[in-house]
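**Student:** My questions will all concern the structure given below.
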Amino acid sequence: MTDAPLISLQEVNKTYANGVAVLKGLNLDVNAGETLTLLGPSGCGKSTALRLIAGLIAPTGGDIVWSNPMLRKNLGVVFQEPTLLPWASVFDNVYLPLRLAGEKREKAEPRVRHALARVGLSDFTAALPRELSGGMKMRCAIARALVTEPAVILMDEPFAALDEVTRFQLNDDLLALKSEL
């Protein structure tokens with residue numbers, strides 16, 4: 001007998017208000033420890049599927065079943081763009097989800113520093129996003145996703161806007177991080 005998937009999409013449909021049906025009958029199981037990649041052409045519904053899983057939008061049909069409903073509240077999400085607060089330091093951008101959860105800065109500091117160390121940004125805690133390269137901004141966004149120690153991390157083409165060298169480096173870094181977890 002196998003364990004139930006962490007997340008199961010069952011006959012999931014998504015039709016937007018303008019009538020465009022992006023997903024029809026999507027079935028997908030995500031198991032613990034698994035790394036999945038959704039491949040397809042632009043506009044085929046990859047980002048929509050991730051937004052559905054994250055609970056940012058609702059399906060128009062089908063079911064999204066979590067093996068443990070508490071896991072849904074323990075997600076890390078990294079978007080195509082880093083979406084950093086331009087006025088906040090690297091530290092404060094990574095601290096943001098913990099702050100929003102009510103965790104005091106002093107208590108959160110070791111977790112934030114650990115997340116920044118994992119992505120190689122320990123020396124940039126006081127830097128503002130405008131002072132970072134594109135790859136460093138994405139590393140900051142990844143640290144922000146990691147700081148909550150999520151059960152699931154969703155990434156929506158996080159390397160799409162980066163040059164090839166940086167893309168390969170970040171991909172290698174993520175594989176190394178996965179092996180640490």
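The values are calculated or read from the model by the stated rules, or taken from the named source; none is laboratory data. Since we're looking at a predicted model, the values are computed, not measured. All Cβ positions, even for glycine, are placed from backbone atoms using ideal geometry, and neighbour counts span all protein chains on display. Calculation scope for accessible area: heavy atoms of the full protein, side chains included, ligands and nucleic acids excluded. Shrake-Rupley method; radii C 1.70, N 1.55, O 1.52, S 1.80 Å.
**Student:** Could you list, ordered by first residue, the pairs with Cβ atoms under 8 Å in which the first is in the range 155-170 and within 18 Å of Arg118 (Cβ to Cβ) and the second is of a type in the set (Lys, Arg), at least 6 apart or interchain?
**Tutor:** Phe159/Arg167; Leu170/Arg139
**Student:** Further question: Arg144: modelled with pLDDT under 80 and closer than 23 Å to Glu34 by Cβ, yes or no? Break it down into steps so the answer makes sense when it comes.
**Tutor:** Working: modelled with pLDDT under 80: no; closer than 23 Å to Glu34 by Cβ: yes.
Spelling it out, it is not the case that Arg144 is modelled with pLDDT under 80 and closer than 23 Å to Glu34 by Cβ.
**Student:** Further, regarding this structure: Hey, does the range 90-97 have a residue that's over 22 Å from Arg167 (Cβ atoms), touching a Leu at 6+ places or on another chain (Cβ under 8 Å), charged (D, E, K, R) and open to solvent by less than 80 Å² (accessible area, probe 1.4 Å)? Reasoning before the result, please.
**Tutor:** Step one: filter the range 90-97 for residues over 22 Å from Arg167 (Cβ atoms), giving 91-92, 95-97.
Remaining after also requiring touching a Leu at 6+ places or on another chain (Cβ under 8 Å): 91-92, 96.
Checking the rest, the ones that are also charged (D, E, K, R) come to 92.
After this cut, where a residue has to be open to solvent by less than 80 Å² (accessible area, probe 1.4 Å) as well, the list is 92.
Checking the range 90-97: at least one residue is over 22 Å from Arg167 (Cβ atoms), touching a Leu at 6+ places or on another chain (Cβ under 8 Å), charged (D, E, K, R) and open to solvent by less than 80 Å² (accessible area, probe 1.4 Å).
**Student:** Say we look at the range 122-144 and pick out the residues that are surrounded by fewer than 22 Cβ atoms within 10 Å (Cβ to Cβ) and among the hydrophobic types (A, V, I, L, M, F, W, C); which of these is farthest from Phe159 (Cα to Cα)?
**Tutor:** The residue in question is Ala126.
**Student:** Take Leu38 and decide whether it is in a loop (DSSP other than H, G, I, E, B), open to solvent by less than 60 Å² (accessible area, probe 1.4 Å), under 29 Å from Lys137 (Cα atoms) and of a type in the set (A, V, I, L, M, F, W, C).
**Tutor:** On the way: in a loop (DSSP other than H, G, I, E, B): yes; open to solvent by less than 60 Å² (accessible area, probe 1.4 Å): no; under 29 Å from Lys137 (Cα atoms): yes; of a type in the set (A, V, I, L, M, F, W, C): yes.
Answer is no for this residue.
**Student:** Tell me which residues, restricted to the range 149-181, are at pLDDT 80 or above, within 18 Å of Asn31 (Cα to Cα) and part of a loop (DSSP other than H, G, I, E, B).
**Tutor:** Glu149, Pro150, Ala151, listed by residue number.
**Student:** Is it the case that some residue within the range 145-160 is surrounded by fewer than 16 Cβ atoms within 10 Å (Cβ to Cβ), of a type in the set (A, V, I, L, M) and within 16 Å of Gln80 (Cα to Cα)?
**Tutor:** Yes, because at least one residue in the range 145-160 is surrounded by fewer than 16 Cβ atoms within 10 Å (Cβ to Cβ), of a type in the set (A, V, I, L, M) and within 16 Å of Gln80 (Cα to Cα).
**Student:** Being over 16 Å from the mean Cα position of the chain (by Cα) and either among the acidic types (Asp, Glu) or on the phi > 0 side of the Ramachandran plot (or both) is the filter here, so list the residues in the range 118-162 that pass it.
**Tutor:** The answer is Gly120, Asp123, Glu131.
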